[in-house]
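> Okay, handing you the structure first.
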Amino acid sequence: MIPKNSFPTALRTLRKARGLSQEAFSEVSSRTYMSSLERGLKNPTLSKVDELCEIMQVHPLTLLALTYGLDAKGTDKLLARVQRELADLQAIAKD
């Protein structure tokens, strides 16, 4: 189970790491909406996540990996798990 605040924390961390203000997202959302996301008051759609990540110039999986992994060590474990699961799915699809 993921902590409730992991997406807001990941979004804020990534935005700040990119040196972006909430206003930098004005093409895709308001500052108020960004603030709501970062405080965990709202949950974005996948389309919105894609738009936000485009502004931050990262793949949406980067944001999601940070959300679920919570830190660099956790994301390494998470990405290894995802690679195993994808390999298993590919093997099943070939059968």
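> Condition check: in contact (Cβ under 8 Å) with a residue 40 or more places away in the chain and farther than 21 Å from residue 83 by Cα. Does residue 66 satisfy that?
Details: in contact (Cβ under 8 Å) with a residue 40 or more places away in the chain: yes; farther than 21 Å from residue 83 by Cα: no.
Criteria not met by residue 66.
> Can you find a residue that is surrounded by fewer than 15 Cβ atoms within 10 Å (Cβ to Cβ) and within 11 Å of residue 7 (Cα to Cα) anywhere in region 43-64?
yes
> Of everything in region 20-42, what is open to solvent by 70 Å² or more (accessible area, probe 1.4 Å), not in a helix (DSSP H, G or I) and not charged (D, E, K, R)? Give them in sequence order.
Residues of region 20-42 open to solvent by 70 Å² or more (accessible area, probe 1.4 Å): 23, 26-27, 31-32, 39, 41-42.
Of the ones still in play, those that are also not in a helix (DSSP H, G or I) are 26-27, 39, 41-42.
Residues satisfying the conditions are 26, 41.
> Out of the residues in region 65-95 that are touching a helix residue (DSSP H, G or I) at 6+ places or on another chain (Cβ under 6 Å) and open to solvent by less than 80 Å² (accessible area, probe 1.4 Å), which is farthest from residue 37 (Cα to Cα)?
The qualifying residue farthest from residue 37 (Cα to Cα) is 78.
The values are calculated or read from the model by the stated rules, or taken from the named source; none is laboratory data. Just so it is clear, the model here is predicted, and its values are computed rather than measured. Virtual Cβ from ideal backbone geometry, glycine too; neighbours counted across all protein chains shown. Protein only, heavy atoms only, side chains kept; ligands, DNA and RNA dropped before computing areas. Shrake-Rupley method; radii C 1.70, N 1.55, O 1.52, S 1.80 Å.
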